[in-house]
1. Given a Förster distance of 35 angstrom, what is the FRET efficiency for E:ASP30 paired with F:THR92, based on the Cβ-Cβ distance and rounded to 0.05?
2. Once Rh for chain D is found with the Kirkwood sum over Cα pairs, what is the Stokes-Einstein diffusion coefficient at 25 °C and 0.890 mPa s, in µm²/s?
3. Within the set of other residues whose C-beta is less than 9 Å from the C-beta of F:LEU4, count the net charge using Lys and Arg as +1 and Asp and Glu as -1.
4. Which value, in debye to the nearest 20, gives the size of the charge dipole of the range A:7-113 about its Cα centre, when Lys and Arg are +1 and Asp and Glu are -1 at the Cβ?
5. Using a cut-off of 11 Å between beta-carbons, work out the net charge of the residues near A:LYS55 (Lys and Arg +1, Asp and Glu -1, A:LYS55 not included).
6. Mind checking the mean number of beta-carbon atoms from other chains within 10 Å of the Cβ atoms in C:88-95?
7. Which order results if F:LEU112, B:LEU11, F:LEU79 are arranged by neighbouring Cβ count within 10 Å, fewest first?
8. If a/c stays under 1.5 just call it rounded; otherwise compare a/b with b/c (prolate if a/b is bigger, oblate if not). Do that for chain B, with a ≥ b ≥ c from the square roots of the Cα gyration tensor eigenvalues.
Amino acid sequence: MSEEKNLIILLREAPHGSLHPVEGLRMSVAVSSDYDPITIAIDDAVYTFLKGSDKTIYQMHIDFLKEIDLDVFVDKRSLEELGLTKEDLIEQVEIKEHEEILKLISECDLLIPF
Amino acid sequence: MSEEKNLIILLREAPHGSLHPVEGLRMSVAVSSDYDPITIAIDDAVYTFLKGSDKTIYQMHIDFLKEIDLDVFVDKRSLEELGLTKEDLIEQVEIKEHEEILKLISECDLLIPF
Amino acid sequence: MGKKALYFITTEKRSGIEMALENTEDEVTICLLQNAVFFANKADKQITKALDQNKTVIALKEDVEIRGLKNLIPDNVKLLDYGEVIDKIFEYDSIINM
Amino acid sequence: MGKKALYFITTEKRSGIEMALENTEDEVTICLLQNAVFFANKADKQITKALDQNKTVIALKEDVEIRGLKNLIPDNVKLLDYGEVIDKIFEYDSIINM
Amino acid sequence: MAKLGILFFTGPYQSQACETVCKLANAALDKGHEVRIFCYMDAVNAVLQNQKKIDGIYNIEEGFKEILSKGAVVRLCNLCLLVRGTTKNCLTRDCGDIKRAGTPDLAKIIELTDRLIAIC
Amino acid sequence: MAKLGILFFTGPYQSQACETVCKLANAALDKGHEVRIFCYMDAVNAVLQNQKKIDGIYNIEEGFKEILSKGAVVRLCNLCLLVRGTTKNCLTRDCGDIKRAGTPDLAKIIELTDRLIAIC
């Protein structure tokens, strides 16, 4: 694949119960040397970015991604299903309408799920 | 716990994708030396007993449990949700109404999930 | 029968909490650990139903806190530390692990 | 856009098949492996919806057979062996792994 | 003083289960209870040696060493170790009462304890 | 002839993923394709030595030896091995092109292959 390929790292699982979202963020950081991955959280992975949660082992990954201007998106529909709003999440992530998330996914060349 | 305690081994996951139902059956066999465990399949674990599926690594466990007259029950509600009927399953398992399954669970002293 | 049953739920599989809700005969306590504490989010219909049924709902305090859920959990869900969860385990006649 | 997208689904997580169903712009093929082949059970509403949407649905033959699902799967779900799945993978512009 | 059995199924650093097992066992031991643990399926890999310590991540090897030193009894499904190729890598009897066992040992743990919890 | 990348996350004998990886890799290699595999998280334990053969169960060690002998490139997340304590137990270079790597090597695999599939 050429370096211009669009890459999405999709987080699907809740944090702390499994290391999947953490390892997904670590992978976003890792591939950012060659690509501009978009990181997207759906379903319970939305909890990964809850204010006040313990982010000791993954805050650095979020900081890194934002420092190099990479997007971290949260699916609004998933957020609403959990009864959460923008105010419940840290400011480093951006909430996107479900339709926009779908559009991003349909436009990507490769999606890697965590 | 005394030997008279009622034990349930609950299978919850589909076979082949994970070893959980197989390991659950193996555990039913193992504890049968000291207890009379009831093995119950709910949700996708119901597929474990589908006729025509590859049971190479767990048919012996089913045979063993039936040989010593232990019960293997399948939740009828789970079965129906998967569009299956009694005829789709092997004869060694018995289909129980969901209410009966709940009653068995509420009467047990210890439930071990797989 | 009215015996005391502890539903000890440690995963996000819905079947665990559903089984607990369907037991209306016994004195049921629902104990949530690990990702199961997400069920205690007040937006979750099943937790509301459990509390409406007057079931006791317990969640492991540390698991609630590391997930940042403290403000999202109804007041009548009791938060216990590891030691208190251990105490609870011995109080019940039957343990339904889910 | 109308590009060819392969939804490569290998688990029973519903989000994978839902994402595929919600993509109505591209030429979508749904490829089911491992426990995802259970989605091809004709009793599953989502598989019916996918076929109604004229999406191509493929399932790994060996995974269908070891699960004893052959008679439960609609005729218009194509069963491919490992080699044929490999061929498919290279036919698509994008791979959505789920 | 009571007796607690713990059964679990998953390996370290993939899910939280191993950490929960250690913390619950610790709490029970600190209260003077007896603790007997059965490691089934991937859980046998929880007691492997040489797990590197990473800041911010609970080290499962240390966790098991601690509860073994406090008297926890740990039994490992032998067949699960054999298929995974990790038999020779486990914590040894120097750490406490840890050894390989068959699945019937779970029946023994159920018999010897007042309550058994499963951490999924 | 094309190039296939494979990423997976789970260890052997718990889920089907390792077996699927071996079978897909084999099929691709038999068709003359290049195959590059990245083992992430528990998946690093798929290539441990001394996995005991059990009748009726696909032996993952043998599976990896076979695809390595056919030319598959296998990269193991080094940190994942270190935390699990399984670094010293892996299949060696005698078996083929297998070695420890960092997560950036996944970026390299994406670059070097035409398509990447993930087996969950």
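Only the coordinates and a few stated rules stand behind these numbers; no lab work does. Keep in mind the model is a prediction, meaning the values are calculated, not measured. Neighbour counts are summed over all protein chains in view; Cβ atoms, including those assigned to glycine, are modelled from backbone coordinates with ideal geometry.
1. Details: r = 44 Å, r/R0 = 1.25.
With a Förster radius of 35 Å, E is 0.20.
2. Details: Rh = 13.1 Å.
For the chosen part, D equals 187 µm²/s.
3. Working: positive: F:LYS3, F:ARG36, F:ARG115; negative: F:GLU34, F:ASP114.
Combined, the nearby Lys, Arg, Asp and Glu give +1.
4. Numbers: 10 positive and 23 negative charges, 48 e Å.
Using only the charged Cβ atoms, the result is roughly 220 debye.
5. On the way: positive: A:LYS51, C:ARG67; negative: A:ASP54, A:ASP63.
Value of the local net charge: 0.
6. On the way: counts 0, 9, 8, 1, 2, 2, 11, 12.
Partner-chain Cβ atoms within 10 Å, mean over residues of C:88-95: 6.
7. Working: F:LEU112 14, B:LEU11 29, F:LEU79 19.
Neighbour counts put them in this order, fewest first: F:LEU112, F:LEU79, B:LEU11.
8. Numbers: a/c = 1.72, a/b = 1.26, b/c = 1.37.
Since a/c reaches 1.5 but b/c is at least a/b, the shape of chain B is classed as oblate.
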